[in-house]
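The values are calculated or read from the model by the stated rules, or taken from the named source; none is laboratory data. Nothing here was measured: the structure is a model prediction, and the numbers come from that model. So basically every Cβ, Gly included, is an ideal-geometry build from the backbone, and we count neighbours across all protein chains shown.
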Amino acid sequence: SVTMVFVVGLPRSVRNSDTIWVMVDRLTKCAHFLPINKRWSLEMLIQFCIREIVRLHGVPSSIISGRDSRFTSRFWQTLHQALGTRLRLSSSYHP
């Protein structure tokens with residue numbers, strides 16, 4: 001099981017990254033902090049995820065993510081259905 005969240009609003013880096021995509025393997029507690037650009041398309045995020053995460057940990061049995069529009073899209077849901085991954089959305093933050 002993997003948990004995903006975006007850390008947004010960061011200053012732009014030399015490599016044009018302005019967001020950190022945080023992924024945590026809930027079994028091993030291994031965390032990955034991936035620099036991305038918030039303007040990346042869903043397809044670019046998927047390719048990046050496969051290259052950086054799936055190659056190391058395999059396809060997760062479930063993914064818990066925030067309610068970012070990229071993670072609630074039909075394409076994202078269809079991808080996870082095809083992979084056999086259970087997609088779970090986290091609840092909103094309540095201070």
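Of the residues in region 1-25, how many are outside any strand (DSSP E or B) and among the hydrophobic types (A, V, I, L, M, F, W, C)?
Total meeting the criteria: 3.
If you go through region 26-56, how many residues are assigned to a strand (DSSP E or B) and small (Gly, Ala, Ser)?
Qualifying residue count, region 26-56: 1.
Applying the selection to region 1-25, what residues are touching a residue at least 24 places away in the same chain (Cβ under 8 Å) and surrounded by 13 or more Cβ atoms within 10 Å (Cβ to Cβ)?
Residues satisfying the conditions are 1, 2, 3, 4, 5, 6, 21, 23, 25.
Restricting to region 40-67, give me the number of residues that are crowded, with 16+ Cβ neighbours inside 10 Å and either of a type in the set (S, T, N, Q) or at pLDDT below 80 (or both).
2
Going residue by residue through region 68-90, is there one that turns out to be part of a loop (DSSP other than H, G, I, E, B), out of contact with any Gly (no Cβ under 7 Å at 6 or more places or on another chain), among the small types (Gly, Ala, Ser) and at pLDDT below 85?
Checked region 68-90: at least one residue is part of a loop (DSSP other than H, G, I, E, B), out of contact with any Gly (no Cβ under 7 Å at 6 or more places or on another chain), among the small types (Gly, Ala, Ser) and at pLDDT below 85.
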